[in-house]
Structure formats: structure tokens, C-alpha cells
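Below you'll find the structure, written out as C-alpha cells, and then a few comments.
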Amino acid sequence: MIYGNTKVYSVIGNPVKHSKSPNMHNAAFRELGINACYVPLQPQNNDLEHVCALIRSGVLSGSNVTIPFKESVVNFVDVLTDEASMIGSVNTLYPKDGKLIGDNTDGLGFKKSLFLDLGFKPENKSAIILGAGGAAKAVTAKLCQAKLNSLAIFDIDTKKAEELLAHIDKFNYKTNVKLISSTKVDSFSKECDLIINCTPIGMKDDDPLIVSKDVFSSRHCVYDLVYTPPLTKLLSSAQQAGAKILNGMDMLAYQGAESFSIWENVEPPYEIMKKELANA
Ligand code: NAP
């Protein structure tokens, strides 16, 4: 039920009507009996500044931020948390003492799912990341923090890959990070311990397999950040070769649960949130 004093949270994106976050957060509010609701917002003319002002002033109690605003929203935030600075983007907004705070829970969501659900410990291991956009920023930060030994990055947009490398270089991680060309993707994938898809490739039925089928073996862990469909061509091929696989659903649920706990300062009902996402 919506009342006069119901708090309103949102997810800001464009497009945003496909987002499953409202299902997940509204289920959590219902479960805990919190008088709040969560709605999708697509700012007209991509005018983020005015939506941000509504959060700063407390008209909206908080918000998630999704594609394509995670990086541009940084310009409208008064205080960036250390986590958001380290990742270089914002997915969680809230007001505090008249200021707009920008935080990021994607990295934590990725790390939890990598450790708990895929069972992968990065220390002294090697990985390849395909795609160097917003999601890759959170993923690389957490892998480097967790003492991954070496990391290869490939993006069809060389400029994006270079920007990501420049961002990582600011933090003096011990991980040996290098950019690779498309011709090296298969050989690096074959040799490494962890293959991560941070591109949207795999969402559409006619998308190609992003690495060759014959690179996979039972020594691999393969993580696809895509969660629709749950079993992408990449994950299916890897599974057939005996690799351990994980899709992006757990990361999505963990990052949402983390945002929820930042806003409401309560233990989030993670299992309910994850179930709601899976059913959405
Ligand atoms: P993004 O900022 O658009 O970055 C994707 C990058 O991949 C772009 O630079 C893109 O280049 C590149 N790319 C596209 N096709 C490629 C290919 N065949 N090989 C190498 N690089 C390629 O998107 P994002 O926000 O990082 O999201 C990436 C994916 O992760 C999306 O599917 C998103 O839904 C998913 N995601 C999942 C979660 C989760 O919680 N599970 C969280 C965040 C994101 P162009 O721009 O030139 O196409």
C-alpha cells in the first residue's frame, strides 16, 4: 500500500522499464514491513541533475543508478565514497546532512558472488575480462584488491580499454594488468584460470560465442555478468567442457541487497530478493 508518508526509492536509467530492481526491492520492503516503495525513473532528455536534486533534498530517499548514467552521475554527487572512487562509478545514491552521497555496491556484489557462489579465490591466479565498460571497472577493482596475479583485458573499443587501464594504474595494485588484441583472446582464455564476460554479448539469441568453443576445460571458472538468459552460449559451452560457471544473477542480488542495507540500515532479506529476481 502507498500512504501519504511512504518513502520513495528509485532506479535511474535509460532505458529502465526492463529493470528487475523494482521487483527485488519492493519484495524486500514488503518482507520487512517497511513503508517504502521503489520505482523506475527515466529522466527526460537524460536530465540527471534534477533527479539528483530530488535525492539531495530527501524528496526521494535514495536511488540506484544504471546504464548509461553510472559514470556521468559522479558530476552531480557532493561526496563520493572511497568505494565509488576506487571503482570510478556510482550505482547507489542517498542524502546525508543536505549532501548527495554517491556509493557503489557493484564491486561488493561481484566479489561476494565470485567467492561464495563460484568458489573462486583470485590470489595468485590469472583472469581475462572481455569488455571494459562500467561493469568491468567494478570487476577489475575487486580482482586486483584480492591479489589476482595477472589480468588480460579486451574490448572492441580500444579507447575504453585504455581508459580502464589508466584508472586501474592509479591504485598501485600488484596485479600485472595488460590490454590484449582480439587475436590473443582465445590463447589467453585457454591459459587463464578465470574468464569473465563484461560485455552484453550473449543476451540475444543470435549473439556469437565471445571466445572459441575449444578454449574451455575443466580447470576453468567462467563468469558471465549477463543474467538474461540464465544460461548464455558462453556458459553452456564452458559447462559442457566441465568448467565451473556462474551467471550475473547473484551479483545483481548482492548489489541490490547491499544498497538496501545502506539505505535502511537493516539486514536485507537476501534470499527473498534473489527469489524475486529469478521470478521476475
Ligand atoms: P558497457 O559500459 O556498455 O560496457 C560493455 C563494453 O563491452 C563496451 O565497451 C562494449 O563496446 C564492449 N563490447 C561489446 N561487444 C564486445 C565484444 N564482442 N568483445 C569485447 N568487447 C565488447 O556495459 P556495462 O555496464 O559494463 O555492462 C556489461 C554487461 O554486464 C551488460 O550485459 C550488463 O547487463 C551486465 N551487468 C551485470 C551486472 C550484474 O549485477 N550482474 C551489473 C552490471 C552490468 P561498445 O560500447 O563499442 O559496444
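Pick from V226, V222: which is away from the ligand (no atom under 11 Å from the Cβ), among the hydrophobic types (A, V, I, L, M, F, W, C) and either outside the structural domain of L118 (by TED's automatic domain parsing) or within 19 Å of the chain's Cα centre (by Cα) (or both)? Can you show your working first?
Numbers: V226 fails: away from the ligand (no atom under 11 Å from the Cβ).
The conditions single out V222.
Show the residue pairs that are 6+ apart or on different chains and have beta-carbon atoms under 9 Å apart, the first residue being within region 244-256 and under 17 Å from N64 (Cα atoms) and more than 8 Å from the ligand (Cβ to nearest atom), the second being in a strand (DSSP E or B) and not hydrophobic (A, V, I, L, M, F, W, C).
Partner pairs satisfying both residue conditions: G256/N64.
Residues to consider are P40, P68; find the one that is within 27 Å of D169 (Cα to Cα) and not in a helix (DSSP H, G or I).
Values: P40 fails: within 27 Å of D169 (Cα to Cα).
The unique qualifying residue is P68.
If we scan region 1-15, do we find a residue that is within 14 Å of N91 (Cα to Cα), touching a residue at least 12 places away in the same chain (Cβ under 8 Å) and β-branched (V, I, T)?
Yes, because at least one residue in region 1-15 is within 14 Å of N91 (Cα to Cα), touching a residue at least 12 places away in the same chain (Cβ under 8 Å) and β-branched (V, I, T).
Taking the options L194, L209, name whichever one is under 20 Å from G133 (Cα atoms), in contact with a Ser or Thr (Cβ under 9 Å, 6 or more places away or on another chain) and surrounded by fewer than 21 Cβ atoms within 10 Å (Cβ to Cβ). Full working, then the answer.
On the way: L194 fails: surrounded by fewer than 21 Cβ atoms within 10 Å (Cβ to Cβ).
Exactly one residue qualifies, and that residue is L209.
Can you name the residue in region 122-155 that is touching a helix residue (DSSP H, G or I) at 6+ places or on another chain (Cβ under 6 Å) and among the charged types (D, E, K, R) and is also nearest to the ligand (Cβ to nearest atom) among such residues?
Within region 122-155, the match that is nearest to the ligand (Cβ to nearest atom) is D155.
Checking the condition in a helix (DSSP H, G or I), surrounded by fewer than 16 Cβ atoms within 10 Å (Cβ to Cβ), modelled with pLDDT of 95 or more and not assigned by TED's automatic domain parsing to the domain that holds E71, which residue from S187, S237 passes? Please lay out each step first, then the result.
Numbers: S237 fails: surrounded by fewer than 16 Cβ atoms within 10 Å (Cβ to Cβ).
So the residue among S187, S237 that is in a helix (DSSP H, G or I), surrounded by fewer than 16 Cβ atoms within 10 Å (Cβ to Cβ), modelled with pLDDT of 95 or more and not assigned by TED's automatic domain parsing to the domain that holds E71 is S187.
Quick one: in region 69-78, of everything that is without any contact (Cβ under 8 Å) to a residue 60 or more places away in the chain and under 20 Å from A141 (Cα atoms), which residue is farthest from the ligand (Cβ to nearest atom)?
Kept after step one, since they are without any contact (Cβ under 8 Å) to a residue 60 or more places away in the chain, are these residues of region 69-78: 69, 72, 74-78.
Add one more test, that the residue is under 20 Å from A141 (Cα atoms), and what stays is 69, 72, 74.
Values: F69: 10, S72: 12, V74: 14 Å.
Here the answer is V74.
State all residues of region 86-116 that are in a helix (DSSP H, G or I) and buried (at least 16 other Cβ atoms within 10 Å of the Cβ); if no residue qualifies, say none. Walk me through it before giving the result.
Going residue by residue through region 86-116, those that are in a helix (DSSP H, G or I) are 86-87, 106-116.
Matches in region 86-116: M86, I87, D106, G107, L108, G109, F110, K111, K112, S113, L114.
Here is a check on your reading of the model: is I196 hydrophobic (A, V, I, L, M, F, W, C) and within 12 Å of the ligand (Cβ to nearest atom)?
In short, yes.
The values are calculated or read from the model by the stated rules, or taken from the named source; none is laboratory data. None of these values were measured; they are calculated from a predicted model. No Cβ is skipped: glycine too gets one built from the backbone with ideal geometry, and neighbour counts run over all protein chains shown.
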